[in-house]
Amino acid sequence: MVDLAAPFGAAFFVSHTGKHMQQPLMATYGRLPVRFERGAGPWLWDDRGRRYLDALSGIAVCGLGHAHPAVTRAIHEQSGKLLHTSNLYDIPLQQELAADLCSHGDMESAFFCNSGAEANEAAIKLARFLGHERGFASPKIVVMESAFHGRTMATLTATGNRQAQRGFEPMLEGFLRIPFDDLAALDQLAREHEDIIAVLVEPIQGEGGVRLPGSGYLAGLRARCDARGWLLMLDEVQCGMGRTGKWFAFQHTDILPDVITLAKGLGNGVPIGACLARGPAAGTLQPGSHGSTFGGNPLASAAGIAVVSTIATEGLAGRAALLGHRLLEGLQQALGEHPGVREIRGQGLMIGIELEEPCGDLVARALETGLLVNVTAGSVVRLLPPLILTDAEAGELLERVIRLLRDHLAAST
Ligand SMILES: Cc1ncc(COP(=O)(O)O)c(C=O)c1O
């Protein structure tokens, strides 16, 4: 039982044994003072009946919006049949989802898990395994500054954020870090190390500030990986599943990676992650070499299948491209020359508005106005709205974000 009358942060809980507990959760999150009760499309309602426009989608998760009928139906039907069997047995729904994802991404095989970090763990383990097969005693994976790959120890090591790593040292061995979007730095590493096996990179850095690399970057990485037999592993956990206007962000270029990691938008809120692979990477892991109890269970797979088929049938990647273009254009027009705005950038519905000054306080101000946005990398207002926005909703979102930023910038000068 929760004492809902108490102010936020001071709520107490009474466990079913009758024990009063002040704070039953570990303090891992700085939470905003709101409790959502239900959602529909891009809208959320709190426990006081107040409505919010969700321009964040649970951090790029609910690409189909809240309570999408296709996902609701899939979960409802599957939960009445079978939730879980373990990967000791064939799971036809998992195979169906693997085939769907691989066909959209030109990949050959999939491993399913429960989160983005786990998808990247699978990629890291797969690369290391291949490295050992090639005779490297300590295979190295190249990762980027400002990258975000997760919070498990290997993915935290791969993450290029000292603040996130602080207190959890020692980090793991076997990672080499260079600046994002810097091919010369990669060439330098190649001269210094003979045991590199893979490059792990986000096609667009999300947590790092919605940073897009130069147009030749992925092709440049591909060429270097081809020349040296390295795997090109793309973390599409945030930018995949239609968000940038294509199924996968790399599809804005002509290249194919060897490995793609996915999670977030894949289950629209049902936890599921995937590591897709082709070529030598696809056949590396063998029975016993990796696994997950829950990964790709019938419930999660049914949700994933519903998401993939909805993105396809409703043309949501194309819709993300169109709406993203309109939003970027509208933001540029209204704020591009505004004092205090450094840059407005993005692809599809992954948009960042970088300000000159840190602006974390803007999130609470937006919440007061009934708008959910996020600030990342200190000074980048991040928009990750659902792909199902109507034209009118996209217009309202644009107006509200412009007003929010104008008010914020006026108040801070
Ligand atoms: C690019 C990227 N990779 C990995 C992750 C980690 O995903 P999860 O929180 O599901 O472990 C995130 C989460 O924000 C992400 O943005």
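The values are calculated or read from the model by the stated rules, or taken from the named source; none is laboratory data. Computed from a predicted structure; not experimentally measured. Ideal geometry is used to build each Cβ from the backbone, glycine not excepted, and the neighbour counts take in all protein chains shown. Keep in mind that these areas ignore ligands, DNA and RNA; they rest on the heavy atoms of the full protein, side chains included. Shrake-Rupley method; radii C 1.70, N 1.55, O 1.52, S 1.80 Å.
Here are some residues: Ala147, Ala137, Ala74. Which one is touching a strand residue (DSSP E or B) at 6+ places or on another chain (Cβ under 9 Å) and not β-branched (Val, Ile, Thr)?
Values: Ala137 fails: touching a strand residue (DSSP E or B) at 6+ places or on another chain (Cβ under 9 Å); Ala74 fails: touching a strand residue (DSSP E or B) at 6+ places or on another chain (Cβ under 9 Å).
Result of the check over Ala147, Ala137, Ala74: Ala147.
Limited to the range 58-78, what total is found for residues that are outside any loop (DSSP other than H, G, I, E, B) and either among the aromatic types (Phe, Trp, Tyr) or surrounded by 13 or more Cβ atoms within 10 Å (Cβ to Cβ) (or both)?
Start the filter on the range 58-78 by keeping residues that are outside any loop (DSSP other than H, G, I, E, B), which leaves 58-60, 66, 69-78.
After this cut, where a residue has to be either among the aromatic types (Phe, Trp, Tyr) or surrounded by 13 or more Cβ atoms within 10 Å (Cβ to Cβ) (or both) as well, the list is 58-60, 66, 70-72, 74-75, 78.
So the answer is 10.
Mind checking which residues of the range 92-140 are in a loop (DSSP other than H, G, I, E, B) and either open to solvent by less than 10 Å² (accessible area, probe 1.4 Å) or among the charged types (D, E, K, R) (or both)? I'd like the intermediate steps shown before the answer.
Filtering the range 92-140 down to residues in a loop (DSSP other than H, G, I, E, B) leaves 106-108, 114-115, 134-139.
Answer for the range 92-140, where residues must be in a loop (DSSP other than H, G, I, E, B) and either open to solvent by less than 10 Å² (accessible area, probe 1.4 Å) or among the charged types (D, E, K, R) (or both): Asp106, Glu108, Arg134, Pro139.
Looking only at the range 147-158, how many residues end up being away from the ligand (no atom under 11 Å from the Cβ) and within 21 Å of Pro213 (Cβ to Cβ)? It would help to see each step written out before you state the result.
In the first step, residues of the range 147-158 are kept if they are away from the ligand (no atom under 11 Å from the Cβ); the result is 153-154, 157.
From what's left, within 21 Å of Pro213 (Cβ to Cβ): none.
Number of matching residues: 0.
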Top-ranked residue in the range 195-217 [being more than 15 Å from the ligand (Cβ to nearest atom) and over 12 Å from Val142 (Cα atoms); ranked as most open to solvent (accessible area, probe 1.4 Å)]: Ser215
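Given the criteria open to solvent by less than 40 Å² (accessible area, probe 1.4 Å) and either touching a Pro at 6+ places or on another chain (Cβ under 6 Å) or in contact (Cβ under 8 Å) with a residue 60 or more places away in the chain (or both), does Ala158 qualify? Give the steps one after another, and end with the answer.
Working: open to solvent by less than 40 Å² (accessible area, probe 1.4 Å): yes; either touching a Pro at 6+ places or on another chain (Cβ under 6 Å) or in contact (Cβ under 8 Å) with a residue 60 or more places away in the chain (or both): no.
Here the answer is no, as Ala158 does not meet what is asked.
Can you tell me which residues in the range 341-355 are surrounded by fewer than 17 Cβ atoms within 10 Å (Cβ to Cβ) and in contact (Cβ under 8 Å) with a residue 24 or more places away in the chain? Break it down stepwise before answering.
If we filter the range 341-355 for residues that are surrounded by fewer than 17 Cβ atoms within 10 Å (Cβ to Cβ), which is where we start, we get 342-343.
Once the filter is applied, which keeps residues that are surrounded by fewer than 17 Cβ atoms within 10 Å (Cβ to Cβ) and in contact (Cβ under 8 Å) with a residue 24 or more places away in the chain, the range 341-355 yields only Arg342.
Being within 16 Å of the ligand (Cβ to nearest atom) and under 30 Å from Glu399 (Cβ atoms) narrows it down to one residue among Leu32, Leu56, Leu44, Leu64; which is it?
Working: Leu32 fails: within 16 Å of the ligand (Cβ to nearest atom); Leu44 fails: within 16 Å of the ligand (Cβ to nearest atom); Leu64 fails: within 16 Å of the ligand (Cβ to nearest atom).
It is Leu56.
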Among the numbered conditions (1) within 30 Å of Asp226 (Cβ to Cβ); (2) of a type outside the set (D, E, K, R); (3) surrounded by 19 or more Cβ atoms within 10 Å (Cβ to Cβ); (4) at pLDDT 95 or above, tell me where Leu285 comes up short. (4)
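Filter the range 32-53 down to residues that are in a strand (DSSP E or B) and charged (D, E, K, R) and give me whichever is least open to solvent (accessible area, probe 1.4 Å). Lay out the reasoning, then the answer.
Residues of the range 32-53 that are in a strand (DSSP E or B), as a first pass: 36-41, 43-46, 51-53.
This time we only want the ones that are charged (D, E, K, R), so: 37-38, 46, 51.
Details: Glu37: 134, Arg38: 137, Asp46: 4, Arg51: 110 Å².
Looking at the filtered set, the residue picked out is Asp46.
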Do you know which of the residues in the range 259-272 that are under 10 Å from the mean Cα position of the chain (by Cα) and part of a strand (DSSP E or B) is nearest to Ile197 (Cα to Cα)? Thr261
In the range 259-273, which residue that is surrounded by 24 or more Cβ atoms within 10 Å (Cβ to Cβ) and farther than 18 Å from Ala158 by Cα is nearest to the ligand (Cβ to nearest atom)? Lys264
